[in-house]
Amino acid sequence: AAEMTRLAVARAAAERCHWQAMRDRARDYAFQCLLRRARGTPVAIADRKAERERLQYTRVAPDRLRDLLAGAPGTPGAGTPSAAATASAAAATERPDRAARALQAVLEENYEDLRRIFKHYAAGDVEGSAGTMSLEEFWSFVKDCRLLSKRLTAAKVQSAFWDANAAEGEAALEDPNNPDSELTINEFVEALVRLAVASAAPTDRSSIAEKLSRLLATRVLVFACRSNAARFRSQLEAPDAQAVLHRHRDTLQEVYRSYAKGSLDQMSAADFKQFCKDRSIIDGAFTDTSAAALFQRVQQDEDTAAAGGAGAEGVEESLASLMSYPEFAEALAVLAVYKSPNPYVPLSAKLQDFITKTVVTRTMRRRQAIAARRRSMAQIRP
């Protein structure tokens, strides 16, 4: 018994030493952070989620390039010829690892644009997920970019989609975040590479990275995603627009909470539709479908494809179908512009007018009706 007590005391002492060492290191690091902040050089904390997302947009596995480099048909997912059929014989001299590194440099240079474009088209289908791109959404992207030509036919576009979507291994087949009929981020990037190869002339001796760079510069970045959500959000973040939201914050939060009946006390698509109906926003021009599309478009920074475990995936999947309060405020701004499209009226004025007429006035009337009903009930009581 004495020996066991001695061992327990020794273990407790060792654990206390470890805890004190960790405490001292944490305190020293916090002091260094504050010191660097005071000197104007704050410490940058790595965002692991953003890093994972960036990797998806800027990496193509060398093994996925072998059929393109060989100029041979890939794995046709829909029974159509491969999108790599027009690749030049000169490309066969490229090594997959070297080609992947060259593609990485091109993708890194265009990361922000690719991210914006994917999120724009992935949210185009009301029924699908905003984190993946369906064939219909992919076709919308291709048509907007004016990619169809005598060389890049509809059959090759279909093949690029299915070849990029082809799963490899049992893990890919069982991944719930990688539907077999939709493109994830890295599959979309691979499909872009396949489109770039398929659209090049048979005599084109440039590398795959050069073909992709040319496609991005001449077509994708010029014609894709004409509506810029980032630009609209920057206008919404302007001081005058934020002042309107701050002025009516209490009322807006009250309205949001009254409709947020979904899980995690956030607003679902059905809740948002009900809000639009109750406020007489839905009419002949702005329909139920328009409300559902707006709900999808307003989703901010989803990342259903990269999660750190089964629990995280479940949480992110549920959050992907819910609207937070900041997203609700953005949706109100979109509705304000939709109801008042005059380009000469600033966003802050449109937002003020819309919130006053559609939200504040109706909320005040509802409060007055509830108060009147309570007074009448009080008078009836003996």
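Could you check, for region 266-275, whether at least one of its residues is in contact (Cβ under 8 Å) with a residue 60 or more places away in the chain and open to solvent by less than 70 Å² (accessible area, probe 1.4 Å)? Please lay out each step first, then the result.
Step one: of region 266-275, the residues in contact (Cβ under 8 Å) with a residue 60 or more places away in the chain are 267.
If we keep only those that are open to solvent by less than 70 Å² (accessible area, probe 1.4 Å) as well, we get 267.
Looking through region 266-275, at least one residue is in contact (Cβ under 8 Å) with a residue 60 or more places away in the chain and open to solvent by less than 70 Å² (accessible area, probe 1.4 Å).
Of everything in region 75-111, what is of a type in the set (S, T, N, Q) and modelled with pLDDT of 90 or more? Give them in sequence order. First the steps, then the outcome.
Of the residues in region 75-111, the ones of a type in the set (S, T, N, Q) are 75, 80, 82, 86, 88, 93, 104, 110.
Once the filter is applied, which keeps residues that are of a type in the set (S, T, N, Q) and modelled with pLDDT of 90 or more, region 75-111 yields GLN104, ASN110.
Yes or no, residue by residue, for (1) in a loop (DSSP other than H, G, I, E, B); (2) modelled with pLDDT under 85; (3) more than 18 Å from the chain's Cα centre (by Cα):
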position	(1), (2), (3)
GLU51	no, no, no
ARG54	no, no, no
LEU68	no, yes, yes
PRO73	yes, yes, yes
ASP113	no, no, no
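How many residues are surrounded by 12 or more Cβ atoms within 10 Å (Cβ to Cβ) and part of a helix (DSSP H, G or I) if we restrict to region 278-295? Spell out how you get there, then give the answer.
Going through region 278-295, the residues surrounded by 12 or more Cβ atoms within 10 Å (Cβ to Cβ) turn out to be 278-279, 281-282, 286-288, 290-295.
Add one more test, that the residue is part of a helix (DSSP H, G or I), and what stays is 278, 288, 290-295.
Residues in region 278-295 being surrounded by 12 or more Cβ atoms within 10 Å (Cβ to Cβ) and part of a helix (DSSP H, G or I): 8 in total.
Step by step: first the residues of region 190-226, then only those that are of a type in the set (S, T, N, Q) and in contact (Cβ under 8 Å) with a residue 40 or more places away in the chain, then the one that is most open to solvent (accessible area, probe 1.4 Å). Which residue is that?
Applying the filter and picking the extreme gives THR203.
So, in region 1-49, how many residues would count as being assigned to a helix (DSSP H, G or I) and closer than 30 Å to ARG115 by Cβ? First the steps, then the outcome.
To start, the set of residues in region 1-49 that are assigned to a helix (DSSP H, G or I) comprises 2-38, 48-49.
This time we only want the ones that are closer than 30 Å to ARG115 by Cβ, so: 33, 36-37, 48-49.
The total comes to 5.
What pairs come up if the first residue lies in region 234-247 and is without any contact (Cβ under 8 Å) to a residue 24 or more places away in the chain, the second is of a type in the set (Gly, Ala, Ser) and outside any helix (DSSP H, G or I), and their beta carbons are under 8 Å apart, counting only those six or more places apart or on different chains?
none
When residues of region 40-63 are filtered for being touching a residue at least 12 places away in the same chain (Cβ under 8 Å) and acidic (Asp, Glu), how many remain?
The total comes to 2.
For region 314-323, state whether one or more residues are hydrophobic (A, V, I, L, M, F, W, C), closer than 23 Å to LEU252 by Cβ, surrounded by fewer than 17 Cβ atoms within 10 Å (Cβ to Cβ) and at pLDDT 80 or above.
No, that holds for no residue.
The values are calculated or read from the model by the stated rules, or taken from the named source; none is laboratory data. All of these numbers come straight from a predicted model, not from anything done at the bench. With ideal geometry, Cβ positions are generated from the backbone for all residues, glycine too; neighbour counts draw on all protein chains shown. Protein only, heavy atoms only, side chains kept; ligands, DNA and RNA dropped before computing areas. Shrake-Rupley method; radii C 1.70, N 1.55, O 1.52, S 1.80 Å.
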